[in-house]
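Accompanying notes for the structure given below.
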Amino acid sequence: MSETNESAPERVRVYLLDDHEVVRRGIRELLESEPGIEVVGESGLAQEAARRLPALRPDVAILDARLPDGSGIDVCRDVRSQDPSIKALILTSYDDDEALFAAIMAGAAGYVLKQVRGTDLVDMVRRVAAGQSTLDPSVTATVLERIRTGPPVDSELEALTDQERRILDLIGEGLTNRQIAGRLFLAEKTVKNYVSSLLAKLGLASRTQAAIFALKHPHPRRD
């Protein structure tokens, strides 16, 4: 007589985003050979996935970190800002601390190297679908240590306007441009311009670096 896991969902709906068709086919065949897992969609481009995911509403989205037209991490952030019920696993070929930090900030429930064993990937998909995080506490500790030990550049904050500082704080909280626009009653395009300006003033190359900077340099709000 077989046992069943009462906490697992009856059916796990999965979406795949990877720019390599062979990789997608392999993951699809692996997952669909398991009872109770269904692949409901797939794509090779970030923009297509960001457009289709909110409508398909899978339980788990497996998202390649690096794509020709963007990043699965950005897709994770954008999709979860619209529908937090969609869980995300970031899939990558690289053991990259910055990508790991970005995945955590984007709300991903897991970060998986493509060298993962098939049985382990299936287990992670089931756990994430059941509402668990697969991020190893030691990995999270490494990211936090990186935040603490980065070089201080407080003087550069003086170049920011009050509004840019507010937006920097909200980036540090993991908010998307859309969410920041709603919080500050601004147009999303206006927020995007502020973000570009503050990145240039701080000499930062990415939103992830801005989030790290904000967490290392908290300051009293001047609202």
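Values for this structure:
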quantity: Close pairs (7 angstrom Cβ cut-off, 6 or more residues apart or separate chains): open to solvent by less than 40 Å² (accessible area, probe 1.4 Å) in the range 190-205, among the polar types (S, T, N, Q) anywhere; calculated: VAL191/ASN177; VAL195/ASN177
quantity: Residue selected from the range 111-129 under the condition closer than 17 Å to ILE37 by Cα and touching a residue at least 24 places away in the same chain (Cβ under 8 Å), by the criterion surrounded by the fewest Cβ atoms within 10 Å (Cβ to Cβ); calculated: GLY118
quantity: Residues being open to solvent by 20 Å² or more (accessible area, probe 1.4 Å) and either part of a loop (DSSP other than H, G, I, E, B) or not acidic (Asp, Glu) (or both) - total across the range 72-81; calculated: 3
quantity: Residue match in the range 82-93 (condition: modelled with pLDDT under 85, of a type outside the set (D, E, K, R) and not in a helix (DSSP H, G or I)); calculated: yes
quantity: Residues located in the range 82-92, provided they are in contact with an Asp or Glu (Cβ under 9 Å, 6 or more places away or on another chain), of a type in the set (S, T, N, Q) and open to solvent by 10 Å² or more (accessible area, probe 1.4 Å); calculated: SER85
quantity: Long-range neighbours under 6 Å by Cβ, at least six apart or interchain, first residue within 16 Å of VAL23 (Cβ to Cβ) within the range 57-77, second assigned to a strand (DSSP E or B) and small (Gly, Ala, Ser); calculated: ALA61/ALA88; LEU63/ALA88
quantity: Verdict on GLU34 being among the charged types (D, E, K, R), modelled with pLDDT under 95, surrounded by fewer than 17 Cβ atoms within 10 Å (Cβ to Cβ) and outside any helix (DSSP H, G or I); calculated: yes
quantity: Among residues of the range 37-55, those that are closer than 17 Å to ASP83 by Cα and open to solvent by 50 Å² or more (accessible area, probe 1.4 Å), counted; calculated: 5
quantity: Pairs with Cβ under 7 Å, 6+ apart, first in the range 165-182 and closer than 11 Å to SER81 by Cβ, second surrounded by 18 or more Cβ atoms within 10 Å (Cβ to Cβ) and of a type in the set (D, E, K, R); calculated: THR176/ARG77; THR176/ASP78
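The values are calculated or read from the model by the stated rules, or taken from the named source; none is laboratory data. Owing to the predicted nature of the structure, the values given are computational and were not obtained by experimental measurement. Counting neighbours? That spans all protein chains shown, and the Cβs are built from the backbone with ideal geometry, glycine included. Only protein heavy atoms, including side chains, enter the accessible area calculation; ligands, DNA and RNA are left aside. Shrake-Rupley method; radii C 1.70, N 1.55, O 1.52, S 1.80 Å.
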